[in-house]
Protein chains: 2
Amino acid sequence: MSQLPLKGIKVLDLTSVIVGPVATRWLADYGADVIKVEPEGGDLIRTLGGVSSSGRFSPKYLNFNRNKRSLGIDLKHPEAQALMRDLIAQSDIVITNMRHNALVKLGLDYASVSAIRPDVIHCSIVGFDQRGPYAGKPAYDTIVQGASGFADTFARMEGTPRYVPLTITDHIVGFIAVQMVLLALLHRRMTGEGQSIEVPMFENMADFILSEHMGQKVFTGSDGPTGDLRILNPLTQPIRTSDGYICVSANTDKQAFALFDAIDRPDMKTDPRFSSVSARLKNIDLYLSTRDAALARQTSAHWLEIFDRTDVPAMPCHTFESLMADDQLSAVEFFDTLDHPVEGRLTDMRLPNRTSKNWEKPSVPAPDIGQDTDQVLRDLGYPDNRIAALRQAGAVFGRNAEESHNG
Amino acid sequence: MSQLPLKGIKVLDLTSVIVGPVATRWLADYGADVIKVEPEGGDLIRTLGGVSSSGRFSPKYLNFNRNKRSLGIDLKHPEAQALMRDLIAQSDIVITNMRHNALVKLGLDYASVSAIRPDVIHCSIVGFDQRGPYAGKPAYDTIVQGASGFADTFARMEGTPRYVPLTITDHIVGFIAVQMVLLALLHRRMTGEGQSIEVPMFENMADFILSEHMGQKVFTGSDGPTGDLRILNPLTQPIRTSDGYICVSANTDKQAFALFDAIDRPDMKTDPRFSSVSARLKNIDLYLSTRDAALARQTSAHWLEIFDRTDVPAMPCHTFESLMADDQLSAVEFFDTLDHPVEGRLTDMRLPNRTSKNWEKPSVPAPDIGQDTDQVLRDLGYPDNRIAALRQAGAVFGRNAEESHNG
């Protein structure tokens with residue numbers, strides 16, 4: 001076992017809901033000490049992310065906040081100011097998805113924070129680049145999906161724009177924020193310097209979509225179409241069998257010929273309409289509809305067994321439930337359990353990537369609101385009577401472990 | 001202007017098509033010296049990724065391979081072996097999406113590579129965790145979409161599983177590979193140690209989907225449903241106007257009431273079916289169908305002007321074309337031009353994130369096949385006659401700049 005790569009890095013986490021907590025989940029999973037700052041009532045996703053027995057630990061909250069500590073604090077309380085200054089002074093990273101005006105008011109913008117801690121890395125996740133006309137606009141995941149062209153990928157395929165039923169842009173921009181923070185940490189290790197980083201959702205997703213679908217418009221002045229036309233083909237979909245759906249992708253001659261044998265159509269191997277990659281592309285409608293009609297006649301298990309044996313790329317089209325029962329995931333011990341003091345035993349997932357350093361796995365379940373308030377203050381050197389006074393004044397709060405147990 | 005954070009890092013890039021080149025695009029954009037290893041004919045995505053005048057620079061190839069150098073080399077050629085050893089000796093990072101057996105045969109697996117360069121970071125992007133029963137299976141983006149539950153998000157919303165018309169899992173796993181490489185670089189800066197990293201597409205995407213959609217199954221033994229039911233609501237879609245689609249997300253009372261005023265239904269503000277967040281959730285079908293019927297009667301511009309003025313979250317539902325003409329992107333100078341020696345003037349995108357360090361922007365257009373072969377060999381200290389001999393033997397190849405100009 002080797003120490004996690006972010007061990008010793010202190011993160012002041014001023015994020016909520018999805019995009020920010022996804023980013024700090026990675027930092028926490030890789031060993032950073034993430035202090036999640038929560039208002040009275042806690043992060044909205046505690047309730048918005050699904051049902052739990054206590055009402056405070058939605059499934060989504062649990063999955064995105066493991067390995068973090070929670071500090072309950074009223075940022076607008078006059079006595080919270082000095083405490084925040086002390087917290088900032090010990091933080092390597094401050095990360096937030098609050099709007100810029102709110103940050104300035106609370107003294108949590110880069111100028112204020114770096115005055116206290118000059119080498120801080122300050123990462124601000126925003127909807128839009130703050131220099132443009134959309135700077136003040138609110139951004140939700142679906143708004144960014146629509147504005148960035150993500151929804152248009154479906155319109156281009158079949159006529160109607162649509163959203164993906166996932167907070168996909170939150171997740172992707174969360175990855176990008178982590179990437180930027182890690183780059184800034186490397187920069188700091190080399191130079192000793194901190195920096196501020198602005199991560200705008202709209203611009204990052206525009207880059208994401210256009211890097212794939214700019215099409216002929218990459219050639220300045222071209223009047224050719226946008227879009228990767230191969231990917232936008234509406235026929236490329238999971239295939240219906242007699243009892244469900246499977247995924248099959250027979251691209252090379254070897255794969256396609258094995259598929260023809262499997263569906264009892266060996267004649268297609270020598271049919272000039274299907275005997276080469278380019279021939280199949282030219283006759284793609286007929287190729288795929290012939291394939292689909294044949295596959296509809298037998299079960300998924302029947303086809304997957306044959307395709308596995310004959311090396312045709314194919315997999316079950318998993319439901320969430322069948323995915324959780326998948327043989328591979330079981331063999332590689334993908335799922336773990338984690339005992340939560342309030343919600344009981346949880347199904348957790350280990351880090352999917354393996355390294356030869358065999359990083360230790362941190363495995364602390366997601367915290368209750370302000371569960372670590374006292375400890376965080378003690379770590380700052382605050383004596384017990386000062387902590388009690390701050391609690392008394394309502395500047396900080398939080399259930400302690402015992403209260404949590406009693407719901 | 002500040003030096004890019006990966007300046008001086010040397011990457012030996014043994015990847016092709018999408019997932020790997022997306023990962024090394026980020027490394028190159030942030031200043032690493034990425035040497036793209038290409039076989040005769042070059043990376044498949046040069047032609048598979050769309051049409052270009054020369055036939056060698058598809059739009060997708062151009063977008064994913066800027067700021068890299070290309071080394072044309074026949075890895076199976078006996079005289080290529082010594083050259084690869086010399087290249088490995090100077091590489092900080094070796095990254096690949098070849099299958100494990102091929103890597104071992106070519107002496108490019110971690111054991112072989114770290115014998116030459118003990119502190120190397122070796123990142124292997126694979127379809128499946130190599131300890132499980134699926135280890136040898138081929139993985140394409142659509143296969144991973146189906147197997148990971150991504151396609152099931154659509155089935156859960158409306159009955160039929162489907163793929164997203166984007167190589168979405170390639171992009172996401174590319175981000176994850178970068179994250180792992182940056183963590184390993186931080187580890188090396190602290191300890192001097194390299195390591196191997198395995199990044200499996202299936203397991204990473206299973207984690208991605210289930211972290212959002214595990215639902216009640218996070219509670220071990222629960223018989224509640226999987227899925228975040230709020231996100232899976234089929235009514236959450238872009239909204240049709242009289243001349244297109246817009247994205248609107250009126251969640252709070254303030255936003256919903258402004259929307260009711262905008263559609264001339266101020267009565268809804270006091271209607272107990274619509275006067276609170278929970279009431280609207282209970283009557284979501286009626287709420288959204290009333291909204292949609294009203295919005296269909298006027299143009300997108302009409303609604304966007306009102307919503308902008310009244311602070312209702314709303315944005316155009318952009319097509320790829322209208323996105324490229326967006327006012328915000330123009331104001332923040334999102335698009336750049338880049339002159340390519342073969343394909344002429346290109347539309348490029350700057351890095352979407354801004355930092356106070358004002359990192360310099362590298363802006364070298366994507367290379368031709370083996371365009372940098374001679375220079376890479378010269379950098380290794382090879383004299384001209386040795387380079388000529390290697391070319392003569394067919395171990396290395398590549399158009400030089402002048403040949404490129406002549407097509």
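For chain A, the fraction of 1.4 Å probe accessible surface lying on carbon and sulfur atoms is 51 percent. Counting only alpha carbon atoms, the long axis of helix B:284-295 and the longest principal axis of chain B meet at about 90°. For segment B:264-326 versus segment A:323-359, the spacing of their alpha-carbon centroids is 41 Å. Among beta bridges from DSSP that stay inside chain A, the antiparallel ones total about 35%. Would you mind giving the total buried accessible surface between chains B and A, with a 1.4 Å probe and ligands, DNA and RNA left out, rounded to the nearest 100 Å²? Roughly 13300 Å². Anyone know which of B:Pro365, B:Pro234, B:Pro39 comes out most mobile in the 10 Å Cα GNM of chain B? With Cα springs under 10 Å in chain B, the top fluctuation among B:Pro365, B:Pro234, B:Pro39 is at B:Pro234.
Three principal axis extents describe the C-alpha atoms of chain A; from largest down they are 86, 54, 39 Å.
Normalising the average separation of contacting C-alpha pairs (under 8 angstrom, six or more residues apart) by the number of residues puts the relative contact order of chain B at 20 percent.
Counting from the shortest, the label point at A:Asp267, 7 Å from Cα toward Cβ, is 6.7 nm from the same position in each remaining copy. Using a cutoff of 8 angstrom between alpha carbon atoms and counting only pairs six or more residues apart, the relative contact order for segment B:239-316 works out to 48 percent.
Legend: calculated FRET efficiency, A:Ser53 to B:Lys269, from the Cβ-Cβ distance at R0 = 45 Å, rounded to 0.05, equals 0.80.
The angle separating the long axis of helix B:384-393 from the principal Cα axis of greatest extent in chain B is about 80 degrees. Sparsely packed loop sites in segment A:320-407 (the GluC sites (Glu not before Pro) outside DSSP H, G, I, E and B with at most 14 other Cβ atoms within 10 Å) comprise A:Glu333, A:Glu360.
For the options A:Arg345, A:Arg230, A:Arg25, a Gaussian network treatment of chain A with springs between C-alpha atoms closer than 10 Å singles out A:Arg230 as fluctuating the most.
In a solvent-free Debye calculation with one equal scatterer on each Cα, what is log10 I(q)/I(0) for segment A:313-402 at q = 0.16 Å⁻¹, listed in the order of the q values? Scattering profile of segment A:313-402, log10 relative to I(0): -0.83. Largest first and in whole Å, the equivalent-ellipsoid semi-axes of the protein assembly as shown read 42, 33, 28, each the square root of five times a Cα gyration tensor eigenvalue. Between this copy and the others, label points of B:Ala82 are 7.3 nm apart in ascending order, each placed 7 angstrom from Cα in the Cβ direction. Taken residue by residue and averaged, Cβ atoms of other chains lying within 10 Å of the Cβ of A:232-241 number 3. Per residue, the accessible area of the protein assembly as shown comes to 37 Å² when a 1.4 Å probe rolls over the protein heavy atoms. Per-residue ellipticity at 222 nm from helix content only, as computed over chain B with -39500 (n - 2.57) for each DSSP H run of at least four residues, stands at -11500 deg cm²/dmol. For chain A, modelled as a GNM whose springs connect Cα atoms under 10 angstrom apart, the maximal fluctuation among A:Pro165, A:Pro59, A:Pro238 occurs at A:Pro165. Relative to the longest principal axis of the Cα atoms of chain B, helix B:201-213 runs at roughly 20 degrees. Size descriptors for segment A:239-316: radius of gyration and Dmax over Cα atoms are 11.6, 33 Å.
The values are calculated or read from the model by the stated rules, or taken from the named source; none is laboratory data. What you see is a predicted model; the values in this text were computed from it and never measured. Backbone-built Cβ (ideal geometry, glycine too); neighbour counts: all protein chains shown. When the accessible area is computed, the model is the full protein with side chains, heavy atoms only, and any ligands, DNA or RNA have been set aside. Shrake-Rupley method; radii C 1.70, N 1.55, O 1.52, S 1.80 Å.
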